[in-house]
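Colleague: Quick one: this structure, given as structure tokens, is what I'll be asking you about.
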Amino acid sequence: MKQMIFPLLLVVAWLLPTRLFATIDTPIPIDMISKTVIQGEAVTTWEKDKLYIFECWATWCGPCRSAMKHVEGLWQTVKADGHVVIGLNVMDRLSIEEIKTFLEKQPTKVTYTNLLVRDEALTKLLNIQGIPFTFVVRNGIVVWQGHPMRLDVAILRELSEGKKVDTPPPKPVLKKTYESIPPYVALERKADEALALGRWEEAETLQLEAMRAHPLQARLKKPYTPSQWILKEEGPEATLSFQGVDLEHLSDEGDLAPYAKLLGKPLPKLDGEFTIVSYWQPNFRLPRYTSKNALRLPRMKEAQRILYPYRLEVIGDAAHKEFAERQFASVPMVKPAIRFLEGFDKVELFGYSDQNNPPFVAIFLSGKLIYKGALELLPETLLLNGKQPGPMPTADVWLQRIADERAHEEDLRQRFLAFRNEKDATKAEAMIHSICADSRLGTWEIILMPYRLGSYYQMNDVDGAAKLVERLYHRYYHSEHALEMLNKLINSWPPLKECVLGTHSLIAERLAEIQTQGDESYTSAYYELAGVLAEENNDPVRAQAMWIKALEFSTTGKRYREIRRRSKPIPAP
């Protein structure tokens with residue numbers, strides 16, 4: 001048996017590079033080339049010594065679209081010599097007509113043949129791992145493969161003469177030394193060496209020097225010295241008081257009863273006062289939390305805009321307790337006040353839906369339930385400024401306002417669905433303008449946001465768009481998803497970007513505060529962007545403040561904080 005294994009291993013070793021990983025010299029049966037034509041003519045036979053240049057692409061692939069101009073240029077050059085360029089639409093779900101329309105709308109006209117590929121036989125044969133991907137066939141054999149932007153006329157000329165063209169080898173990876181890496185990284189490596197020997201003061205000094213050598217330091221007017229607000233210990237927030245209310249003497253709970261039963265204590269029912277109970281669960285997409293991720297807890301900054309007098313409790317499912325503790329273990333200064341309980345119906349009590357992001361809340365006015373659902377989907381009527389003149393509306397008035405708003409939003413949603421199904425372009429444009437005119441700033445408008453700004457874009461009304469951006473920023477102050485979209489829309493219209501530099505800087509700062517990507521580099525990048533925008537807006541004081549925050553939330557700043565707390569050494573990036 002052992003005598004048979006060695007020859008078998010030799011055969012496997014010979015087959016692996018040729019069948020699994022190699023594309024060059026692979027024979028391509030002509031029947032494997034799709035005959036479904038999008039434009040041009042299908043290939044029915046391999047003509048002798050003729051080059052067939054295949055480009056694999058998809059409509060959703062940005063690099064593929066960018067490469068189309070280059071591929072079209074190759075086609076215009078080589079078609080006089082009888083060679084052929086063929087696009088293979090792979091990994092796409094659009095119909096032939098939709099793909100044809102897509103090609104017609106490209107900035108550079110696409111005239112070479114394009115075929116639709118639905119099966120995976122060819123991609124598996126060539127072991128295509130990603131697109132765009134180009135391979136060249138001569139006499140039925142693959143003679144070249146790689147990224148389309150690396151293919152040029154000189155290579156095609158050599159291939160047409162039957163010469164071998166090797167793919168350029170990857171650049172060698174140089175071994176990093178203190179001299180070949182950025183100065184601040186070199187200082188961090190030395191800080192690690194000091195930490196390993198227990199020399200904390202030396203490590204702290206080296207890490208501080210690393211912060212002063214960080215590229216962000218170039219934006220600051222003087223060497224960076226951490227201020228007191230940066231160095232303070234980030235302990236848990238103080239327990240929120242109930243404004244002196246004696247909970248033991250409150251028995252008439254009304255709609256609060258199931259929540260009081262769940263918590264095992266009576267809840268306050270105060271006339272004209274809000275009560276809030278929140279459900280939270282850990283984000284399972286993140287391996288850990290950071291102090292900024294924790295801002296999504298409703299007891300922290302995210303709910304400050306709502307202006308409720310107090311918040312009673314944040315609860316979670318006991319089944320998630322262990323996972324949550326592992327997430328927050330990486331941020332010992334963040335100790336959220338969550339009570340993990342068993343045996344409650346989160347859908348019934350909080351309107352929980354997997355389609356929305358926690359936290360979820362149940363809100364009461366004078367003990368009467370007026371809203372339950374996602375915190376970021378609170379009705380517009382509940383975000384009214386609490387300092388408005390006049391008496392606080394009763395619970396019944398709030399309920400009626402919420403019902404009216406929900407009916408209005410449902411009407412807009414149905415009209416929006418009708419707009420999406422409208423085939424007539426003129427009617428569709430009129431419908432979306434009507435929806436924009438009738439819509440208040442509602443939660444589902446995140447979807448409608450591009451259309452609203454788009455209407456101003458069509459009219460070239462920059463001032464009107466700037467006012468809308470201001471309103472959208474304040475309306476979606478607590479929604480990361482909406483602010484990210486707003487940021488992208490502003491960047492897509494340069495005149496608007498120049499007009500809203502101040503608001504755009506505030507948007508970037510807010511994204512730095514509430515981002516939940518699980519990577520603090522996003523926080524640092526958003527603060528840096530906020531500083532750049534403030535500088536362009538001739539606000540150097542704000543720019544400096546944002547860049548200091550960017551430096552503090554960079555990996556270098558985080559290391560410095562950890563060393564200050566005498567925590568475990570952090571490995572260098």
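The values are calculated or read from the model by the stated rules, or taken from the named source; none is laboratory data. These figures come from a predicted structure and were not determined experimentally. As a convention, Cβ positions derive from the backbone with ideal geometry for all residues, glycine included, and neighbour counts pool all protein chains shown. We work out accessible area using only protein heavy atoms, side chains counted, and drop any ligands, DNA or RNA first. Shrake-Rupley method; radii C 1.70, N 1.55, O 1.52, S 1.80 Å.
Colleague: Starting from the Cα of A430, step 7 Å along the direction of its Cβ; do the same at K163; then give the gap between the two resulting points in nm.
Modeller: Output for this residue pair reads 6.5 nm.
Colleague: Could you tell me which of the pairs K35/K109; K368/K488; K124/K488; K105/K488; K261/K321 are separated by over 30 angstrom between their Cα atoms in the structure shown? Mind showing how you got there, number by number?
Modeller: Numbers: K35/K109 23 Å; K368/K488 40 Å; K124/K488 37 Å; K105/K488 22 Å; K261/K321 21 Å.
Over 30 Å apart, Cα to Cα: K368/K488; K124/K488.
Colleague: Accessible area per residue, 1.4 Å probe, Å², for region 395-499: what's the number?
Modeller: 53
Colleague: So, taking all protein chains as they sit and a 1.4 Å probe, how much accessible area belongs to D411, in Å² rounded to tens?
Modeller: 70
Colleague: Which order do you get for E209, E405, E498, E98 if you rank them by accessible area with a 1.4 Å probe, largest at the top?
Modeller: Sorted descending by solvent-accessible area, the residues read E498, E98, E209, E405.
Colleague: Also, quick follow-up: Just grab the label-to-label distance for N421 and E202, each label 7 Å out from Cα along the Cβ direction, in nm (one decimal).
Modeller: Once both label points are built, they end up 7.4 nm from each other.
Colleague: Using a 1.4 Å probe on the protein heavy atoms, what percent of the accessible area of region 94-156 belongs to carbon and sulfur?
Modeller: 53
Colleague: Over region 43-172, with the other protein chains present, what is the accessible area per residue in square angstrom, probe 1.4 angstrom?
Modeller: Roughly 52 Å² per residue, with all protein chains present.
Colleague: What does the accessible area per residue of region 179-220 come to in Å², with a 1.4 Å probe and no ligands, DNA or RNA counted? Each step should come with its number before you reach the end.
Modeller: Working: 2200 Å² over 42 residues.
Averaged over the residues of region 179-220, the accessible area is 52 Å².
Colleague: Still on this model: What is the extension gain from E104 to R413, computed as 0.36 nm multiplied by their sequence separation minus the C-alpha to C-alpha distance, in nm to one decimal?
Modeller: 108.1 nm
Colleague: Test of understanding: what is the full-extension gain from W60 to K124, defined as 0.36 nm times their sequence separation minus their Cα-Cα distance?
Modeller: 21.0 nm
Colleague: Okay, moving on. Suppose each label sits 7 Å from its Cα in the direction of the beta carbon; what would the A154-E325 distance come out to in nanometres?
Modeller: Taking the two extended label points, one gets 6.4 nm.
Colleague: Give, as a single signed number, the net charge of other residues whose beta carbon lies under 14 Å from the beta carbon of L116, with Lys and Arg counted +1 and Asp and Glu -1.
Modeller: Local charge sum for L116: -3.
Colleague: Right, something else. Using a 1.4 Å probe on the protein heavy atoms, what percent of the accessible area of region 445-563 belongs to carbon and sulfur?
Modeller: Exposed carbon and sulfur together represent 53 percent of the surface.
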